[in-house]
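The values are calculated or read from the model by the stated rules, or taken from the named source; none is laboratory data. Keep in mind that this is a model prediction, so the values were computed, not measured. No Cβ is skipped: glycine too gets one built from the backbone with ideal geometry, and neighbour counts run over all protein chains shown. For accessibility, only protein heavy atoms count, side chains too; no ligands or nucleic acids. Shrake-Rupley method; radii C 1.70, N 1.55, O 1.52, S 1.80 Å.
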Amino acid sequence: MNFHLLRNEKGILLPAALILLFVISGLLIVFVGAYVTQMGIYEMLESRYISATIVQMENQE
């Protein structure tokens, strides 16, 4: 196979690879942060609903 496009004659391959690495890493950090935040909200809502259910069950007796 000929890899004519991957020649590093002008020295652009390393900066392009670093930029791509930082962009992909940044997007990954953003998505993981959003996921962790969303799971925290779901856990908070779950604990609130469980405690509200317990209070309602205690009031019915």
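Below are the figures for this structure:
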| item | result |
| --- | --- |
| Solvent-accessible surface (1.4 angstrom probe) belonging to residue 43, in square angstrom, nearest 10 | 120 |
| Spin-label pair residue 56/residue 34, simplified geometry with 7 Å Cα→Cβ offset, distance in nm | 3.2 |
